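Notes follow once the structure below has been shown.
No value in this document is a laboratory result; all are computed from the given coordinates. Since this is a predicted model, take the numbers as computed values, not measurements. Every residue, glycine as well, gets a Cβ built from its backbone with ideal geometry; the counts of neighbours run over all protein chains shown.
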């Protein structure tokens, strides 16, 4: 595939995702809520992997591996987040964004939802999922690096799934109201779900990188995701909200690694 053909492939993928996000924006206007975007975001990335599959001539084993691993991750995470949205309703983070834009700039809900949520999510989802798009382009048998990547993905999915299950069980117990979860995986990292997410996309990148420069260039995706989770909209915003309601969270921060699982400090 030439550079021009690759650019056309990626541009069309982005256009498809923008159209999907515009349709979801219309749904958000009816619901007066954008919180469901977290649940459909991983499914949008799976969509990009799906529509790339028939338009590329890469190794079939690699393509199926990328597609199925991305699919397992996306369906599990998407279902989990959509289920959480149905149970909890409006996400306070998004409500704050809408209220801030209306108060400070007089923006309508529709304008804020479009420019601050749906259009950015289209671009960011496309960017993050570059490994499952560009990894399908070049031919060549899958080797040891690709299989190591597959193991990393499986570990990431397991880590994220176990962390989410432990948190859900903790929240269901009324006796834990106001307490901080510091057992299980949460004893070693304050965000096992974020760490698992990063593992998934670094693993998918390893599978893609084995194909040559096109796959290697997709490193932009996991680098951006890791930056987002650790420095931008992940840990910082989440912990700011938790600290307001749980005074003991400060002690948990002092003794527990923020991202990479490590033994807790005494």
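From its DSSP helices (H runs of at least four residues, each -39,500 (n - 2.57)), the chain gives a residue-normalised ellipticity at 222 nm of -22500 deg cm²/dmol. Diagonalising the gyration tensor over the Cα atoms of region 95-149 and scaling each eigenvalue by 5 before taking the square root yields semi-axes of 41, 11, 5 Å, largest first.
Taking a ≥ b ≥ c as the square roots of the eigenvalues of the Cα gyration tensor of region 91-227, is the shape rounded (a/c under 1.5), prolate (a/b larger than b/c) or oblate? Note, shape of region 91-227 comes out oblate. Sorting 102, 138, 160 by the number of Cβ atoms found within 10 Å of their own Cβ, with the fewest placed first, yields 102, 138, 160.
Exposure proxy ranking for 194, 249, based on other Cβ atoms within 10 angstrom of each Cβ and starting from the fewest, stands as 249, 194. Summary value for region 122-258: 37 percent relative contact order, contacts being C-alpha pairs under 8 angstrom separated by 6+ residues.
From largest to smallest, the equivalent ellipsoid semi-axes obtained for the chain from the alpha-carbon gyration tensor read 32, 25, 15 Å. Our summary gives the chain a relative contact order of 22 percent, counting only alpha carbon pairs under 8 angstrom and 6 or more residues apart. Restricting the calculation to Cα atoms, region 139-184 yields a radius of gyration followed by a Dmax of 17.3, 55 Å. A straight line joining the Cα centroids of region 115-171 and region 179-233 runs 8 Å. Of the residues 188, 252, the one with the fewest other Cβ atoms within 10 Å heads the list, and the complete ranking is 188, 252. Overall dimensions of region 53-151, expressed as equivalent-ellipsoid semi-axes from the Cα gyration tensor (√(5λ), whole Å, largest first), are 38, 17, 10.
In this structure, residue 231 and residue 57 have a Cβ-Cβ separation that, at R0 = 51 Å, corresponds to a calculated FRET efficiency of about 0.85. What's the angle, to the nearest 10 degrees (0 to 90), between helix 235-245's Cα axis and the longest principal axis of the chain? Tilt relative to the chain: about 20 degrees.
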